[in-house]
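Everything below concerns the one structure shown next.
The values are calculated or read from the model by the stated rules, or taken from the named source; none is laboratory data. As the structure is a prediction and not an experimental result, all values here were calculated from the model. Cβ placement follows ideal geometry from the backbone for every residue including glycine, while neighbour counts extend to all protein chains displayed.
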Amino acid sequence: MKLEYAKADMLAGYGVDSTKLLTEIELGELIAALEKKKSITKAATTHKTRKLRHQILNLLAAIGIENKGNTQVYWERVNAYMSNTRIAGKTIPAMTDEELEKCIRKLHMVKKEVDKRLQDEKHWASMN
């Protein structure tokens, strides 16, 4: 769910449409609920899921999606590439373990094509 819709739903529970209209107690409750949701979401990410995501990021780097640190530009490139329907159709955090595994297989095929293309270019360059 997009954040702006989630925000509207959360605030509707207090009968307001802006956090400015919340009392300090209500605001504290809302913050506590968000922190609890964040910790549950983080705990739900299993070791297997993290390992699969790591494999995807390594494959992306191997096929030329630059991995120059944890910058917003880098993540925009990764998300744009992964959102392509021929690759995954969604971002990495939105994928299930099964989808991550399927994507890894696709990325291995892409890497194989990239490696073959580079090898062909080297071959043709050596012929000249």
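Given the conditions (1) part of a loop (DSSP other than H, G, I, E, B); (2) at pLDDT 80 or above; (3) aliphatic (A, V, I, L, M), and given that Met1 satisfies all but one, which numbered condition is not satisfied?
Only one criterion is unmet by Met1, namely (2).
Applying the selection to the range 97-123, what residues are more than 20 Å from Glu66 (Cβ to Cβ), among the acidic types (Asp, Glu) and at pLDDT 90 or above?
Asp97, Glu98, Glu99, Glu101
Criterion first (at negative phi, of a type in the set (A, V, I, L, M) and at pLDDT 90 or above) does Leu21 satisfy it?
no
If we keep just the residues of the range 39-96 that are part of a helix (DSSP H, G or I), modelled with pLDDT under 90 and charged (D, E, K, R), which is surrounded by the fewest Cβ atoms within 10 Å (Cβ to Cβ)?
Among those that are part of a helix (DSSP H, G or I), modelled with pLDDT under 90 and charged (D, E, K, R), it is Lys42.
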